[in-house]
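**Student:** The structure under discussion is supplied below as structure tokens; questions concerning it will follow.
Just so you know, all these numbers are worked out from the coordinates, no wet-lab data involved. Because the structure is a prediction, the values reported are computed rather than measured. Virtual Cβ from ideal backbone geometry, glycine too; neighbours counted across all protein chains shown.
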Amino acid sequence: MQTPVSSDVSGASYTVRNIVKLTARSSMVRVRISNVFSSGPLTVGSASAGVPGTGAALEGKARRLTFHGRNTVVVPRGEEVLSDPVHMGLPAPSSLAVSIWAAAAPAVPTYHRSALSTNYVAQGEHTWDWGGSAYTQKVGSWYYLSEVSVTSGVGGSVVALGDSITDGSGSTGGANRRWTDVLASRTSYGVVNSGISGNQLLRDGTYGVSGIARTPRDVLERSGVRTLIVLEGINDIKAKPDATFEELRDGYLKVISLAHAKRVRVLGGTITPMGGYAGYTDAREAVRSAVNKWIRESGAFDGVVDFDAAVRDPARPTYLREEFARPDHLHLTDAGYQAMGQAVDVSLL
């Protein structure tokens, strides 16, 4: 979840139906509702989970979500709550519709801005509306829902901490073609995407608190986490002032220390090319190159995912391969994210 930049929802009482993808099979489901960045408390009047159908409709009846046995819960500003488990046998992959009635909504809600999926809003209480007709508004963000955790025999989860390249910017909306989706298709572990577009490793900003600061909540508190993949730094390098190699190195070491204290393995992802991007400079490229050399050679990480090598142009290694590059020469196409997801050595997970 992230600091709201602009909100598509308004009103004192509304229901959001968030459509999310599950990467691990489940026998029981729990959801985490977040009010971390809202302007005030959130009263959840009711919440449900169901199998999505066409549009905002559900396939059959939804299951009631409770919180310590109660249908209603007040989530103070800055906090999150975890629902009680509910029986839902679902395969992997599958989709889940989580409907949350904000009976008393904060003026500024907590959200994840770039869902790359269509979600729905209805005015008033409509958690049990299986036909979906009341959901007249479509939104491209997830509201209040920060996690779906499942009871499963898969042995744990892998969390990807990153920026827009992990968030999937440039990939086909609604198609689940982020590099983390590709990875999820290659492993039985659950795969958690903790990417936020615009996020920096070192500094808080418009699009969320720093990668270091959010590691405890967005990585280490996730259900069953066993391995962290870190792919952050490009936004620091092109920020003002530009981050130095030494600053980024020290930032990675802080994340590694936090994870190792919780017995979580950490894989370092090399930073992908930015040649041709409007913010490219030779000085920034030198920092990216130095960071990647350190990630590959320092031994600070428990393993390396060489994303850079997987997507760079062999003839122009400071550039993405042409078929992998979006017009901004920073973000990737579906084919580029496919190559990134294939670059992860699953034996390291």
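**Student:** I need to check one value: relative contact order of the stretch 105-252, counting alpha carbon pairs closer than 8 Å and at least 6 residues apart, in percent.
**Tutor:** Numbers: 235 pairs, mean separation 34.0, N = 148.
The normalised contact order for the stretch 105-252 reaches 23 percent.
**Student:** Would you order TRP128, TRP179, TRP142 from fewest to most other beta-carbon atoms within 10 Å of each residue's own beta-carbon?
**Tutor:** In order of increasing Cβ crowding within 10 Å: TRP128, TRP142, TRP179.
**Student:** If I model a spin label at ASP250 and ARG186 as a point 7 Å from the Cα along the Cα→Cβ vector, what separation in nanometres do I get?
**Tutor:** Inter-label distance under the simple model: 3.5 nm.
**Student:** I would also like to ask the following. Could you list which residues have their amide H under 5 Å from that of LEU65, counting only those 5 or more apart in sequence or on another chain, with H placed in the peptide plane?
**Tutor:** Hits under the 5 Å cutoff: ALA47, SER48, ALA49.
**Student:** For the chain, find the longest principal axis of its Cα atoms and tell me its angle to the long axis of helix 282-297, 0 to 90°, nearest 10.
**Tutor:** 80
**Student:** What does the net charge come to around HIS126 if you take all other residues with beta carbon closer than 15 Å to its beta carbon, with K and R at +1 and D and E at -1? Spell out each step's value before the answer.
**Tutor:** On the way: positive: ARG17, LYS61, ARG64, LYS138; negative: GLU125, ASP129.
Local net charge: +2.
**Student:** Evaluate E = 1/(1 + (r/R0)^6) for ALA300 and SER347, where r is the Cβ-Cβ distance and R0 equals 30 Å; express this FRET efficiency to the nearest 0.05. Present the calculation step by step, with values, prior to reporting the outcome.
**Tutor:** Working: r = 20 Å, r/R0 = 0.66.
Efficiency for this residue pair is about 0.95.
**Student:** Once you've got the Cα coordinates, tell me which of LYS21/LYS293; LYS21/LYS262; LYS21/LYS240; LYS61/LYS262; LYS238/LYS293 are over 30 Å apart. The partial results should precede the final answer.
**Tutor:** Values: LYS21/LYS293 35 Å; LYS21/LYS262 27 Å; LYS21/LYS240 36 Å; LYS61/LYS262 39 Å; LYS238/LYS293 18 Å.
Result: LYS21/LYS293; LYS21/LYS240; LYS61/LYS262 exceed 30 Å.
**Student:** May I pose another question? Between ALA315 and SER39, what FRET efficiency follows from the Cβ-Cβ distance if R0 is 41 Å, with the result rounded to 0.05?
**Tutor:** Details: r = 51 Å, r/R0 = 1.24.
Taking R0 as 41 Å, the efficiency between ALA315 and SER39 is 0.20.
**Student:** Report the gain in length on full extension from HIS68 to SER13: 0.36 nm times residue separation, minus Cα-Cα distance, nm rounded to one decimal.
**Tutor:** Working: separation 55, 0.36 × 55 = 19.80 nm, distance 2.28 nm.
Extra length available between HIS68 and SER13 comes to 17.5 nm.
**Student:** For the chain, what is the charge dipole size about the Cα centre, in debye to the nearest 20, if Lys and Arg each add +1 at the Cβ and Asp and Glu each add -1 at the Cβ?
**Tutor:** Values: 35 positive and 32 negative charges, 153 e Å.
That gives a dipole near 740 debye.
**Student:** Hey, how many Å between the Cα centroid of the stretch 157-175 and the Cα centroid of the stretch 76-155?
**Tutor:** Each part's Cα centre sits 19 Å from the other's.
**Student:** While we're on this one: What does the C-alpha gyration tensor say about the overall shape of the chain? Classify as rounded when a/c is under 1.5, otherwise prolate if a/b is larger than b/c, or oblate. List each step's numbers first, then the result.
**Tutor:** Numbers: a/c = 1.78, a/b = 1.70, b/c = 1.05.
Prolate is the answer for the chain, as a/c is 1.5 or above and a/b outweighs b/c.
**Student:** Please give the helix 245-261 orientation as an angle from the longest Cα principal axis of the chain, in degrees from 0 to 90, rounded to the nearest 10.
**Tutor:** 50
**Student:** Another question, then. Between VAL154 and ALA175, what is the FRET efficiency for a Förster distance of 30 Å, r being their Cβ-Cβ separation, to the nearest 0.05? Can you show the working numbers first?
**Tutor:** Working: r = 24 Å, r/R0 = 0.78.
For VAL154 and ALA175, the calculated efficiency is 0.80.
**Student:** Evaluate the relative contact order of the stretch 261-336 (contact order divided by residue number), counting alpha-carbon pairs under 8 angstrom at least 6 apart; express in whole percent.
**Tutor:** 37
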